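This report refers to the structure that appears directly beneath it.
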Amino acid sequence: MTARDIIVVGGSAGGVDALQQVVAGLPADLPAAVFVVVHVPPHGPSALPRVLSRAGRLRAVHPHDGQSITPGTIYVAPPDYHLVVKPGHVRLTRGPRENRHRPAADALFRTAARSYGRRVVGVVLSGALDDGTAGLLAVKEAGGVAVVQDPADALYDGMPRSALEHVPVDHALPAAELPALLARLATEPLPEPDGGDPPLPPGAEQEADMAELEPGATHDPHRSGTPSVFGCPECGGVLWELHGNDLLRFRCRVGHAWSADSLVAEQADGLEAALWSALRALEEQAALAERIADRARNRGHDIAVHKFDGQVREAREHAELIRKVLLTRRPDPSTGPVPPATAGGGPSA
C-alpha cells in the first residue's frame, strides 16, 4: 500500500504567515515531500527556504532543475520559475505565466496530480484572487485530497474561498490545525482502487505540458474550450474559454492562463497604464503648444497664437478629465483591505 506522500501548497498575500504555522507543526519524520509556491516578486532573491527551515523541523530548499524528490524535504519554487513535479524529480521552468504569476500554484498542483494521482494532497492557503483553484480541482479529479485554509482564518480569503466555491474540498481548517491533518494523511495507508488511478481529463494533461512549454501542447490544433472574443494581455493572442465545475478560465495558444478574476484584474491594470500614457501625452501636447504659442506671441503672429492657445486649453481639459478618472478609480474589491500587519507591501519572503 502507498500513502499520500506528495503535499503541494499554494499561497499568496498572507500565505507566508499561514505557511510558517503549517511547517512549525509538521513532524521531523514526515514520510512525505512538501512542495510550495508562494507568489513573490520575480526579481531578486527569496529568503523563504531559510524562513521555513527556521520555522519547523524540516529542511526547506530552492531545488535545482532535475533534483530528486526526498521525503521530509520542503521544495520551494524560486522566483520567476514554475515548480513542476515529475515522477521522482522536479523541474524548474520559465513556462507561461498563470493568473499573472510565475511560479503559479495551478501549475504545481496540476503537474503533481498528473505524476502522482491519488498520492497528492493539495493545500490552498491565504491569498487574493484565485490561483490554485484550477490546480486543486485537477488534484481532486485525479483522486487526491483537497484541503484549504478556513477563509475566516486567512488574512486574505480570496484563494481559499474560490477553492471552496469550485472544488469539492475535503477539509477546510485553520492553519494551526493543518499540520496534524497532513501528518495523518501522509501516514495512512492508501488502498489501491479497482481499475487504478483515475486519469486527468485530456485538457488538464495538455495544460500540464504547457507549464513546461512543450511543443506538442502549443502546436496541437485540438484544444479544450472554444475561442473567445478576448485577447491575451501577455501576448495578444486569442484566448480560449475553458469550463470545468462552473469555473470559467481562459488560456492562449502559447499557454498564458487566466481565471476570470485574474483577467479582469489584468485588464484593469492595462486600462490604468493606458490612462497614464494618455495623461502624459496630453500634458506634453499642452506644453509643446504653449511653447509654440509663446514664440508666436513674441513675433506678433496673432493667428498662430489663437490656434495654439486653443490647443493648450483643449489638451488640458482632456488631461483634467483623465486625472479625475485616475483619482476616483476604486481599488479592486477582490483583493480586500490590507491588514495592518502587512500594510505597505506583500510577502517579504
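Hey, what angle do you get for helix 260-298 against the long axis of the chain, alpha-carbon based, 0 to 90 degrees rounded to 10?
20 degrees
Could you give me D for the range 1-79, from Stokes-Einstein at 20 °C and 1.002 mPa s, where the hydrodynamic radius is the Kirkwood radius over C-alpha pairs? Units µm² s⁻¹, please.
On the way: Rh = 12.9 Å.
The Stokes-Einstein estimate is 167 µm²/s.
Please give the helix 178-187 orientation as an angle from the longest Cα principal axis of the chain, in degrees from 0 to 90, rounded to the nearest 10.
40 degrees
Using only the Cα atoms of the range 213-260, each taken as one equal point scatterer with no solvent, compute I(q) by the Debye sum, divide by I(0), and report log10 of the ratio at q = 0.19, 0.24 Å⁻¹.
Log10 of I(q)/I(0), two decimals: -0.56, -0.87.
Using only the Cα atoms of the range 125-272, what semi-axes does the equivalent ellipsoid have when each is the square root of 5 times a gyration tensor eigenvalue? Give whole Å, largest first. Intermediate results must be reported in sequence, preceding the final value.
Working: eigenvalues 174, 97, 25 Å².
After scaling each eigenvalue by five and taking roots: 29, 22, 11 Å.
What relative contact order, as a whole-number percentage, does the range 6-187 give when Cα pairs under 8 Å and 6 or more residues apart are counted?
On the way: 466 pairs, mean separation 43.8, N = 182.
The normalised contact order for the range 6-187 reaches 24 percent.
Only loop residues by DSSP count here, and only those with at most 15 other Cβ atoms within 10 Å; note down the trypsin sites (Lys or Arg not before Pro) in the range 232-264 that meet that.
Numbers: sites: R249, R251, R253; in loops: R253.
Here no loop site has a sparse enough neighbourhood.
Given labels modelled 7 Å from the Cα in the Cβ direction, how far is it in nm from A273 to V61?
3.7 nm
Specify, per residue and in Å³, the volume enclosed by the convex hull of the alpha carbon atoms belonging to the range 111-165.
58 Å³
In which sequence would L136, L326, L30 go, from the one with the fewest C-beta neighbours within 10 Å to the one with the most?
L326, L30, L136
To the nearest 20 debye, what is the magnitude of the charge dipole of the range 100-191 about its Cα centre, counting +1 on the Cβ of each Lys and Arg and -1 on the Cβ of each Asp and Glu?
440 debye
Could you list the trypsin sites (Lys or Arg not before Pro) in the range 38-100 that lie in coil according to DSSP, counting only those with at most 14 other Cβ atoms within 10 Å of their Cβ? Don't jump to the answer; show the numbers that get you there.
Numbers: sites: R50, R54, R57, R59, R91, R94, R97, R100; in loops: R57, R94, R97, R100.
Sites meeting the loop and neighbour criteria: R57, R94.
Taking a quarter of the surface of the Cα convex hull of the chain, what do you get in nm²?
Here the figure is 21.5 nm², rounded to one decimal.
For the chain, build the charge dipole from Cβ charges (+1 Lys, Arg; -1 Asp, Glu) around the Cα centre, then report which of V123, H318, L48 sits farthest towards its positive end.
H318
Compute the FRET efficiency between D246 and E283 as 1/(1 + (r/R0)^6), taking r as their Cβ-Cβ distance and R0 = 45 Å, and round to the nearest 0.05.
Working from the Cβ atoms, E equals 0.45.
Gaussian network model of the chain, Cα springs within a sub-10 Å range: biggest mean-square fluctuation belongs to which of A296, A18, A32?
A296
In debye, nearest 20: dipole of the chain around its Cα centre with unit charges on the Cβ of K, R (+) and D, E (-)?
On the way: 34 positive and 43 negative charges, 199 e Å.
Here the size comes out at about 960 debye.
By count of other Cβ within 10 Å, fewest leading, how are L173, L200 ordered?
Working: L173 16, L200 20.
Placing the least packed residue first, the sequence is L173, L200.
Dipole magnitude of the range 213-260 about its Cα centre, charges +1 at Lys/Arg Cβ and -1 at Asp/Glu Cβ only, in debye to the nearest 20?
40 debye
How far is helix 15-24 tilted off the main Cα axis of the chain, in degrees rounded to 10, range 0 to 90?
20 degrees
Can you compute the helix-only [θ] at 222 nm over the chain? Use -39500 (n - 2.57) per DSSP H run of at least 4 residues, normalise by all residues, nearest 500 deg cm²/dmol.
-12500 deg cm²/dmol
Would you grab the residues whose amide H sits under 5 Å from the one on K86? Only those 5+ places off in sequence or on another chain, please, with H modelled 1.01 Å from N.
Hits under the 5 Å cutoff: R91.
Between G270, G158, G56, find the one with the highest GNM mean-square fluctuation for the chain; connect C-alpha pairs within less than 10 Å.
G270
No value in this document is a laboratory result; all are computed from the given coordinates. Note that the structure is a prediction, hence the values are computed from the model and not measured. Virtual Cβ from ideal backbone geometry, glycine too; neighbours counted across all protein chains shown.
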